[in-house]
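So the structure is just underneath, and the comments pick up after that.
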Amino acid sequence: MTTHAPDLLEVPASGRVLGRSVLRSEDRALLTGAARYTDDVPCEGALYAVFARSPMAHALVRSVDADGARAMPGVVGVFAAGDLGRLRLPPVEGSPGVFARPLLAIDRVRFVGEPVAVAVARTRAQATDAADTVAVDYEPLAPVTDPEAALEPDAPILFPAHGSNRAIRVDGVAEDPGALEDAEVIVRARFVNQRVAPVPMEPNGALAIAGAGPDQPSVTLWASVQAPHDTQRIVAQVLGLDSAQVRVRTAAVGGGFGGKIPTYPEHVVIAWLARHMGSAVRWSETRTENMVAMTHGRGQVQHVELGATRDGRLLGLRVSVIQDIGAYASEAATLPPLTGLMASGPYRIPRIDFHAVSVVTTTTPVGAYRGAGRPEATWLLERALDMLAAELGIDPAEIRRRNFIPPEAFPYRTPTGASYDSGNPGRALDIALRAAGYTGLRQEQAARIGRRGTWQLGIGIGSYVEITGWGSEFASVEAGDQGTFTVLTGTSPQGQGHETAWAQIVADTLGVSFDTVTVRHSDTRLVPRGEGTMGSRSLQVGGSAVLQASVALLAKARCLAAHLLGRSESDVRRLDGRIGVNGAPGLSLSWGELAAAAADPSSLPPGMEPGLRAQADFEMEDSTYPFGVHVAVVEVDTDTGKTKLIRHVAVDDCGRRVNPMLVEGQIHGGIAQGAAQALFESFVYDEMGNPLTSSLADYALPSAAELPAFVTVPLATSTDRNPLGAKGVGEGGTIGAGPAVQNAVIDALAHLGVRHIDMPMSPYRVWRAIRDVPQGGPGDCTRGGGTWSGRT
């Protein structure tokens, strides 16, 4: 599904392997079924836990009667909030403490699927039956599922002690009340960036094992998470333990997409149960549980005003965002600030006024989902820009070209405070348009309109810039006496290919064979610290730490070799799999020989620590800002509203590509998820707060049959913000693809008078928008929730 298929290397020999498409070393276990996921981790005698969940969106909990459940065959215990000491997760930074989520519901439930009690039994079936038998006396309360309705004065209040549903207000990103005062033309719109579910292949799950002796942790928790050290910290904090008493490990993680960043109440409950019962306890979600219990993504209502001159030069942007965070404050608190930070996109917008408010509703909590606040910014800007182009009669590609930040302006600081490191969006646009055949597509589009057929052609552009890379990361590299190398990393992959890429970095730096390098991760007892894998950060932060540790190890090896060979360190070089004197074959030592010598203190030069090992902590001083342009081509049947994505071109900058094949995989997955949100996905509730899309029979996910072959064209701009020169790529495909697909569908219908359709652009929604076009001139027009207006 790509126009670029670099030569693949199965097991490269020593030498330059950076920048080569090395086959993933992780895949053999995955493809043969040898890989273990959380529910596959063996643990003889483990008990099974199943949660009793609320069937109501909002209610008081008058009582929980578990006596009947406790008396059932095989049941070992049933527990409610009081049994756990009414424990809560720590409050999210920046949110009032009243929003801190209980492990099990305390006095009130706030969304369908909230855990109220947990049953533990000798088999999963027995635990399921017991959980179904728990009798909860609910007193129904009025729900509120719409974030705008939640702000109304008469809305049901989820947290009476707080007094309103307003959780967090975001000001200060960019405040400029007069941002539009010089505009000659203004377009205004209301966009809905709908709620979606992450739907990882592997639902949430955990296995907790109580410590059996003083030299063991109090509890070992196997969990399918993206940030094991963060889970360790939270579990320890809630249970009143020192972090060293909690060991968190992951097996293979079957996808995350942001939904496995949080530490869930269920994780802590399973750890509590293991310690309380002195037995191992395991838990695994069903798919329906996962759909209502794992955090959802997006969930923004955006009010946008974009001002420009009559010739299409952008002058100002005003944005007001209402962020639905669901029933409790979670990672969603960070989404509006990221949306505001990236509101300028790849364009020169002199003045920006951005404000946001996060609102609680009686729905599943919202968290990070691939892109996490940045796709939302790109969507609102790219839609408004297309509307402006339509108002002014300017081609969508041309209006972007007129407003792109020129390459000579980098590094560039936006009005929202983002510090772009490097970029050339105009070049990316030219490449994308050429690869898509833009001129020919516009000619074909005009011809179809002239023929008055039902299948119309639409071309959409999505230009973006995103923020990636933050924080610090740990890595160590150690040489063994058999000539092998072990890497420890604080990153925690869920399919990204870290084991392959990190081995490439080590092999390239040390001049050794790729297959001698083993990468270990996702174990808090083995790896002393780490911030995990999320936010397109891993290569530039974790990979840079691996590079620095490898460089330090090479320096130590040269020093040791010079001492053992009786030569000056300046004479010693990295040779083909050995360290020695260049041009003197007899004066060299293998890595295995050096490792063996390093274990003998008598063989070391003065001041050198035993062991051939080095470690590094790399910290990003500032983030990187990759960019790109996507062009989507669709066909839309104006009789039925059916849409087919027939071509998709992606030009994505991610700096240096350590493994082009891994990059392509990330871009392909990102495009699929961006297109899926534009055309198919939406998590829906009825007016009583009941989820209507809680299974894959109701929640629309595309298969490969709904997607075309992707045309990807590599582009790299250098960055000096990490030693690898890399930028993030895990989310760029989603950020560019979604707006391009949405713009393409609306472009296909523009000649009919359609100005906007909110996502997902289902056949019915498209059909309805066509038939709701008002007969007459321009003005305020509602299109599936969106509003468009022009002003001169």
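Just one of (1) touching a Phe, Trp or Tyr at 6+ places or on another chain (Cβ under 6 Å); (2) within 30 Å of Gln673 (Cα to Cα) trips up Ile270, so point out which.
(2)
If you take the residues in the range 511-543 that are of a type in the set (D, E, K, R) and open to solvent by less than 30 Å² (accessible area, probe 1.4 Å), which one is farthest from Val219 (Cα to Cα)?
Arg537
Could we say that Thr145 is of a type outside the set (Lys, Arg) and farther than 30 Å from Ser320 by Cβ here?
Taking the combined requirement at face value, the residue does not satisfy it.
Within the range 202-237, can you find the residues that are more than 13 Å from Glu266 (Cα to Cα) and either of a type in the set (A, V, I, L, M) or in contact with a His (Cβ under 7 Å, 6 or more places away or on another chain) (or both)?
Ile209, Ala210, Ala212, Val219, Ala227, Ala236
Taking Val773 as meeting all but one of (1) surrounded by fewer than 17 Cβ atoms within 10 Å (Cβ to Cβ); (2) touching a Phe, Trp or Tyr at 6+ places or on another chain (Cβ under 8 Å); (3) farther than 26 Å from Gly297 by Cα, write down the number of the exception.
Checking Val773 against (1) surrounded by fewer than 17 Cβ atoms within 10 Å (Cβ to Cβ); (2) touching a Phe, Trp or Tyr at 6+ places or on another chain (Cβ under 8 Å); (3) farther than 26 Å from Gly297 by Cα, the one that fails is (2).
Go through (1) closer than 24 Å to Arg166 by Cβ; (2) of a type outside the set (Asp, Glu); (3) more than 34 Å from the chain's Cα centre (by Cα) for Arg62 and report which single condition fails.
(1)
May I ask you to say which residue of Pro702, Pro714 is buried (at least 16 other Cβ atoms within 10 Å of the Cβ) and within 21 Å of Gly670 (Cβ to Cβ)?
Pro714
Taking the range 267-310 only, how many residues are within 22 Å of Arg101 (Cα to Cα) and over 28 Å from the mean Cα position of the chain (by Cα)?
5
What are the residues in the range 73-100 that are more than 30 Å from Thr334 (Cβ to Cβ) and either open to solvent by less than 50 Å² (accessible area, probe 1.4 Å) or in contact with an Asp or Glu (Cβ under 6 Å, 6 or more places away or on another chain) (or both), if any?
Listed by number, the residues that qualify are Gly74, Val75, Gly77, Val78, Phe79, Ala80.
Please list, ordered by first then second residue, the pairs with beta carbon atoms under 7 Å, 6 or more apart or interchain, first in the range 398-411 and charged (D, E, K, R), second open to solvent by less than 30 Å² (accessible area, probe 1.4 Å) and assigned to a helix (DSSP H, G or I).
Final answer for the pair search is Arg400/Leu385; Arg400/Leu429; Arg401/Gly426; Arg401/Leu429.
Within the range 35-71, track down each residue that is in a loop (DSSP other than H, G, I, E, B), open to solvent by less than 30 Å² (accessible area, probe 1.4 Å) and of a type in the set (A, V, I, L, M, F, W, C).
Hits for the range 35-71 are Ala35, Val41, Ala46, Ala57, Ala66.
For the range 419-460, enumerate the residues that are open to solvent by 40 Å² or more (accessible area, probe 1.4 Å), touching a helix residue (DSSP H, G or I) at 6+ places or on another chain (Cβ under 8 Å), assigned to a helix (DSSP H, G or I) and not β-branched (Val, Ile, Thr).
Within the range 419-460, just Arg427 meets the criteria.
Take the range 375-400 and flag every residue that is over 14 Å from Leu306 (Cβ atoms) and open to solvent by less than 10 Å² (accessible area, probe 1.4 Å).
Pro375, Glu376, Ala397
Of everything in the range 276-306, what is of a type in the set (Lys, Arg) and in contact with a Leu (Cβ under 7 Å, 6 or more places away or on another chain)? Give them in sequence order.
Listed by number, the residues that qualify are Arg282, Arg287.
Do any strands (runs of 3 or more DSSP E) entirely within the range 174-242 hold 2 or more residues that are at pLDDT 95 or above, open to solvent by 30 Å² or more (accessible area, probe 1.4 Å) and within 23 Å of Ala368 (Cα to Cα), and if so, which?
185-196
Do we have Pro411 as over 20 Å from Leu338 (Cα atoms) and open to solvent by 10 Å² or more (accessible area, probe 1.4 Å) here?
No, not satisfied.
From the list Leu84, Leu23, Leu18, exactly one residue is of a type outside the set (Phe, Trp, Tyr) and within 24 Å of Gly205 (Cα to Cα). Which is it?
Leu84
Quick one: Leu724 ticks every box in (1) in contact (Cβ under 8 Å) with a residue 40 or more places away in the chain; (2) over 28 Å from the mean Cα position of the chain (by Cα) except a single one, so which number is it?
(2)
What single numbered condition from (1) within 25 Å of Ala716 (Cβ to Cβ); (2) surrounded by fewer than 22 Cβ atoms within 10 Å (Cβ to Cβ) fails to hold for Ala632?
(2)
Please give the number of the condition Asp622 fails out of (1) part of a helix (DSSP H, G or I); (2) within 26 Å of Gly532 (Cα to Cα); (3) in contact with a Ser or Thr (Cβ under 7 Å, 6 or more places away or on another chain).
Against the list (1) part of a helix (DSSP H, G or I); (2) within 26 Å of Gly532 (Cα to Cα); (3) in contact with a Ser or Thr (Cβ under 7 Å, 6 or more places away or on another chain), Asp622 comes up short only on (1).
Which of the following residues is out of contact with any helix residue (DSSP H, G or I) (no Cβ under 6 Å at 6 or more places or on another chain) and hydrophobic (A, V, I, L, M, F, W, C): Ala704, Ala632, Ala675?
Ala704
For the range 151-187, enumerate the residues that are within 33 Å of the chain's Cα centre (by Cα) and of a type in the set (Val, Ile, Thr).
Ile157, Ile168, Val170, Val173, Val187
Mind telling me which of the residues Val551, Val546 ends up being among the hydrophobic types (A, V, I, L, M, F, W, C), part of a helix (DSSP H, G or I), surrounded by fewer than 19 Cβ atoms within 10 Å (Cβ to Cβ) and in contact with a helix residue (DSSP H, G or I) (Cβ under 9 Å, 6 or more places away or on another chain)?
Val551
Considering only residues that are open to solvent by 10 Å² or more (accessible area, probe 1.4 Å) and assigned to a loop (DSSP other than H, G, I, E, B), which ones fall in the range 156-173?
Pro156, Ile157, Pro160, Ala161, His162, Gly163, Ser164
Among the residues of the range 104-128, which ones are within 16 Å of Glu289 (Cβ to Cβ) and not in a strand (DSSP E or B)?
Leu104, Ala105, Phe111, Val112, Gly113, Glu114, Arg124, Ala125, Ala127, Thr128
For the range 109-124, which residues satisfy the criterion of being under 31 Å from the mean Cα position of the chain (by Cα) and at negative phi?
Hits for the range 109-124 are Val109, Arg110, Phe111, Val112, Glu114, Pro115, Val116, Ala117, Val118.
Restricting the search to the range 106-143, which residues are of a type in the set (A, V, I, L, M, F, W, C), under 29 Å from Ile168 (Cβ atoms) and open to solvent by 10 Å² or more (accessible area, probe 1.4 Å)?
Those that are of a type in the set (A, V, I, L, M, F, W, C), under 29 Å from Ile168 (Cβ atoms) and open to solvent by 10 Å² or more (accessible area, probe 1.4 Å): Ile106, Val112, Leu141, Ala142.
Collect the residues in the range 383-411 that are aromatic (Phe, Trp, Tyr) and closer than 26 Å to Val185 by Cα, keeping them in residue-number order.
Phe404
The values are calculated or read from the model by the stated rules, or taken from the named source; none is laboratory data. No experiment lies behind these values; they were computed from the predicted model shown. We place every Cβ from the backbone using ideal geometry, glycine too, and count neighbours over all the protein chains shown. Note: areas computed on protein heavy atoms with side chains; ligands, DNA, RNA excluded. Shrake-Rupley method; radii C 1.70, N 1.55, O 1.52, S 1.80 Å.
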